[in-house]
Amino acid sequence: MTAIPPAGGPMGPGVLSRIADLRAWIFLVLLLIFFETWANVAYGVTFIGNTYNLQSIGIFATAPLLLALGQTFVIISAGIDLSVGFTMGLAAVVSAHVANLGMSHFGLNPLLAMLLGLLSGIAVAFIPGLVNGWLIARLRVPPFIGTLGMYGIARGAAFLIAGGMTVPVSNEWFAYIGNGRIYGVPILVIIAVVVIFLMHYLLSQTKFGQHTYALGASRVAAVRSGINVGGLTMRIYLLAAVCAGLAGALYSARFTAGAAQAGEPLLLSSIAAVVIGGASLFGGSGTIAGTVAGALVIAVIEYGLVFINVEPFWQFIAVGVVIIISVLVDQSQRKLLGGRQDD
């Protein structure tokens, strides 16, 4: 009797599914190979082997990655948060103001003023997060609409607090946090790595993470299993806002200035990183490791195109192509798994 090959072809659906799960890392490797080859052929130098390039990619990735880490939980829960960009901007402006006030009005030394500024940026982000969670969990406002409304509120508040201007920070400790290095590794990258491990633990090793997956897979099933869906939703959007607040405070540290529009161009990058990393916009799937890979893909594209002297506008096209390919892979993977389950 002739054996019937598995539905996924000679490699089998399981192997194809695992390859699809690793698509972000495959994209990343291919991009690195491309830019390394270009650098060797065109300039006779190395791209990957240059420490400065690797550090720059890490710094490029930090802010959108922090936004994407919080966005990962939201998207896994079958939601979306459009307000994180201006929540980041609001945090950047507030942290800059508080750091300045701490030194000029309260006589704090620069270190304490810097810490107060960072904490205030994170704290102010609680407000948009709580409002988003309340609208979505209690009033059942669709996440797209609720967070879009908060997008406008946070945007207006950030510009009002900033007075329509960029808020400079005169604090050497802020500059050190944003631009300093420890044993050659940028402090921003070290902070991002710590947050990555914390978020990975939270998503993969706690009930909060398990319940987030359950909510995204089926809200009805989550309710029937006894999960406090309202409270869970509140915590998810609060977590996303806190990540945005940290990103905003670190933005002020990196540029020693708070800008209301700091996170505006990073909103789509945060969503793209999660999608490229393998999360489904329908909810129920996604990993922190995938989001990290997605953020690195975007950062490599952005920095790599500058490195090879290509107009930066091409980065939008390149990222868009990667997003479309990733979504197509996700759809194909779902059909493949669906076929397996039906059999």
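The values are calculated or read from the model by the stated rules, or taken from the named source; none is laboratory data. Note that the structure is a prediction, hence the values are computed from the model and not measured. Positions of Cβ are backbone-derived with ideal geometry, glycine not excepted, and every protein chain shown enters the neighbour counts. Side chains are part of the model used for accessible areas, which takes the heavy atoms of the whole protein and leaves out ligands, DNA and RNA. Shrake-Rupley method; radii C 1.70, N 1.55, O 1.52, S 1.80 Å.
Would you confirm, using the coordinates I've provided, whether I145 is farther than 30 Å from G284 by Cα and modelled with pLDDT of 90 or more?
Against the criterion (farther than 30 Å from G284 by Cα and modelled with pLDDT of 90 or more), I145 does not qualify.
For the stretch 58-81, which residues satisfy the criterion of being among the hydrophobic types (A, V, I, L, M, F, W, C) and surrounded by fewer than 24 Cβ atoms within 10 Å (Cβ to Cβ)?
Selection gives I59, F60, A78, I80.
Kindly indicate the residue of the stretch 261-282 that is part of a loop (DSSP other than H, G, I, E, B) and under 18 Å from A24 (Cα atoms) and also most open to solvent (accessible area, probe 1.4 Å) among those meeting that condition.
Step by step, filter the stretch 261-282, then rank; the result is L281.
Looking only at the stretch 306-328, filter to residues that are under 30 Å from G283 (Cβ atoms) and of a type in the set (S, T, N, Q); which one of those is most open to solvent (accessible area, probe 1.4 Å)?
Filtering first and then ranking leaves Q315.
Could you say which residue among G156, G178, G146 is open to solvent by less than 40 Å² (accessible area, probe 1.4 Å), within 15 Å of L246 (Cβ to Cβ) and not polar (S, T, N, Q)?
The match here is G178.
Pairs under 9 Å by beta carbon, first residue without any contact (Cβ under 8 Å) to a residue 60 or more places away in the chain in the stretch 43-55, partner polar (S, T, N, Q) and open to solvent by 60 Å² or more (accessible area, probe 1.4 Å), six or more apart or different chains?
Listed pairs, sorted by first residue: T46/N40.
Looking only at the stretch 200-214, which residues are open to solvent by 10 Å² or more (accessible area, probe 1.4 Å) and assigned to a helix (DSSP H, G or I)?
If the condition is that a residue be open to solvent by 10 Å² or more (accessible area, probe 1.4 Å) and assigned to a helix (DSSP H, G or I), then H200, Y201, L202, S204, Q205, K207, F208, Q210, H211, Y213, A214 are the ones that fit.
Check the stretch 246-260 and report whether any residue there is touching a helix residue (DSSP H, G or I) at 6+ places or on another chain (Cβ under 8 Å), part of a strand (DSSP E or B) and either of a type in the set (A, V, I, L, M, F, W, C) or without any contact (Cβ under 8 Å) to a residue 12 or more places away in the chain (or both).
Checked the stretch 246-260: at least one residue is touching a helix residue (DSSP H, G or I) at 6+ places or on another chain (Cβ under 8 Å), part of a strand (DSSP E or B) and either of a type in the set (A, V, I, L, M, F, W, C) or without any contact (Cβ under 8 Å) to a residue 12 or more places away in the chain (or both).
What's the number of the only condition in (1) open to solvent by less than 40 Å² (accessible area, probe 1.4 Å); (2) within 22 Å of M234 (Cα to Cα) that I127 fails to meet?
(1)
Give me the pairs: first residue in the stretch 223-236 and closer than 24 Å to P128 by Cβ, second residue assigned to a loop (DSSP other than H, G, I, E, B), beta-carbon distance under 8 Å, and six or more apart or on different chains, which are they?
G230/R138; L232/S77; T233/S77; T233/G79; I236/S77; I236/G79
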